[in-house]
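Reading through the structure tokens given below for one structure.
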Amino acid sequence: MAKDKAAAQEGDGTEVKKKGKGKIIIILVVVLVAGIGAKFTVLSGGKASGKATPAPDPTPTPGVVIDLGTMTINLADPGRYALVGLAVELGKTAKADTITAQMPLLKDASVRKLSGMSATTLLSQAGQDQVRAELTDQAQQIFGKDKIVRVLLTEVLVQ
């Protein structure tokens, strides 16, 4: 019986060693799998690796910029006026001399648009973005979308 107890104790020790090694192997496998998963997550930027990322839009090449100068405009608020500087970025197909000769059309559209604005709106970032977008649209209607890339505000001063 003593031999059986001794054999049982030796057997228990062997089983503990085997269980301990098994746990270590399982932990190492889990850590290895987690590390590989983290590597792919970091390298793919957290996106699913099966999806192709869309190519960024190519930035348009800057064209010739024509400065229209500054205009003093009475605003919609009584007794308030603004000094606004404008410029136009031309497209690849536009000829600067032809567009420059027709710029009074855009200046007229700018005066009509800006004179209806309040000082608060014109001074806000959202208001200036709106002016840029609307004047760009107006310029593209006048000259053509391929001729005008955008209208720029070069100066805004409100009194």
Any hit, the range 78-92, residues being touching a residue at least 12 places away in the same chain (Cβ under 8 Å), charged (D, E, K, R) and not in a loop (DSSP other than H, G, I, E, B): yes
Can you spot a residue in the range 39-55 that is of a type outside the set (A, V, I, L, M), in contact with a Gly (Cβ under 6 Å, 6 or more places away or on another chain) and either at pLDDT 75 or above or within 24 Å of V149 (Cβ to Cβ) (or both)? no
Return the only residue of R112, R132, R150 being farther than 19 Å from T93 by Cβ and under 21 Å from the mean Cα position of the chain (by Cα). R132
Quick check: anything in the range 92-105 open to solvent by 40 Å² or more (accessible area, probe 1.4 Å) and either among the aromatic types (F, W, Y) or within 27 Å of Q159 (Cα to Cα) (or both)? yes
Which residues, counting only those in the range 115-127, are over 16 Å from Q159 (Cα atoms) and either surrounded by 14 or more Cβ atoms within 10 Å (Cβ to Cβ) or in contact (Cβ under 8 Å) with a residue 40 or more places away in the chain (or both)? G127
Within the range 110-117, can one find any residue that is under 22 Å from G63 (Cβ atoms) and either at pLDDT below 95 or not in a helix (DSSP H, G or I) (or both)? yes
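The values are calculated or read from the model by the stated rules, or taken from the named source; none is laboratory data. A quick note: this is a predicted structure, and the numbers were derived from the prediction, not measured. Note that each Cβ is placed from the backbone with ideal geometry, even for glycine, and that neighbours are counted across all protein chains shown. With ligands, DNA and RNA removed, areas are computed over all heavy atoms of the protein, side chains included. Shrake-Rupley method; radii C 1.70, N 1.55, O 1.52, S 1.80 Å.
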